[in-house]
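Heads up: the structure comes next, in structure tokens.
All of the numbers you see were taken from the coordinates with simple rules; none came from a lab. The structure presented is a predicted model; accordingly, all values stated were derived computationally and were not measured. Cβ placement follows ideal geometry from the backbone for every residue including glycine, while neighbour counts extend to all protein chains displayed.
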Amino acid sequence: MSLRDFGLLVLVCLIWASNNIVSKYVVSGLGLPPLAYAAARFAVVAIATTPWLLPMPRPRWRLVAVALLMGGGNFALLFVGLKTATPSAAAVIGQLGVPITTLLSVIMLGEQIHWRRALGIALTFAGAIAVMWNPDGFALSGGLIYVVGSAVTGSLGAVMMKQIEGVRPLQFQAWVGFASMWPLAILSALLEPGQAAQVSAHLWPFLAAVLYSGLVVSMGAHTVYYFLIGRYEANLISPLTLMTPLSTIALGVAIFHDPFGPRMMIGTLIALSGVLIIALRRNQVMPLLLAIRNRAQ
């Protein structure tokens, strides 16, 4: 990989990592409603990608289902989780999407896994459990439950996406934005009363975060990532994207003073080692999954 392209990948990973920090600030620091934030984010993506919306790829039902799973479901659950979960813990727990996707690929796509990927799956789960453990025993916080749900929906969507052919990245982005913004807006209206007043009280930070998340993170970084995937083997690119959770942890500790003691450190090392082992093995959906997981974070 050329030095320029490696620099681009580092920049992409830093942008993806910053999204977790920005999202945490919006839903926790400012106390703004996460569903409204997610709806506005996807509205920006939908508007920016309108030229790529038609013609609609087939099968249409599967495209809509994938868009909802990888878009609205994935991001909404993550944003809700970030109200109480730290960015560092969310970055590690979110990596559960990698082994979950591998297991779903076996069930839905007939992929085969051998002992190395099985070891990677076991290590990732073990690391996540270590992160969620405390001296009094296993404790899965409410926020991290939503992050696990985000990992599951993103994984299912990534596997289903592999069964759709001929969808270009910007076309997929257009349908993720268009299909996700409507149900999220409705859910926000039903479940988040007073969201308009809350947003109005912090209008400029909200708009800045929405535009950054929708345009810079989703469209800009995502487009560069697929450019790099087109130039290099996925087995080279995928492991390097582990810079994203590591950067998220560093930013979380530096900005939000996330606790990062020995238990968190050991759990992170174990989980990311497992993800690395899985990423180094050939996998039908790994590049797509890592793009979605990292973009969400």
> Can you name the helices of the chain, as whole DSSP H runs, whose Cα span along the helix axis is 20 Å or more and whose Kyte-Doolittle mean is not below 0.0?
Replying inline: 3-24, 34-48, 115-132, 142-161, 169-191, 262-280
>> Can you compute the modelled spin-label distance between Ala189 and Trp61, with each label point 7 Å from Cα toward Cβ, in nm?
In response: 2.7 nm
> Taking the chain as a Gaussian network, where each spring joins two C-alpha atoms under 10 Å apart, which residue of His114, His222, His202 fluctuates the most?
Replying inline: His114
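Rounded, prolate or oblate for region 28-171? Axes are the square roots of the Cα gyration tensor eigenvalues, ordered a ≥ b ≥ c, and the cut-off for rounded is a/c under 1.5.
On the way: a/c = 3.11, a/b = 1.21, b/c = 2.58.
Oblate, since a/c reaches 1.5 and b/c is not below a/b.
Two decimals is fine: what's Rg over Rh for the chain, C-alpha atoms, Kirkwood radius as Rh?
On the way: Rg = 18.0 Å, Rh = 19.0 Å.
Using Cα coordinates only, the ratio equals 0.95.
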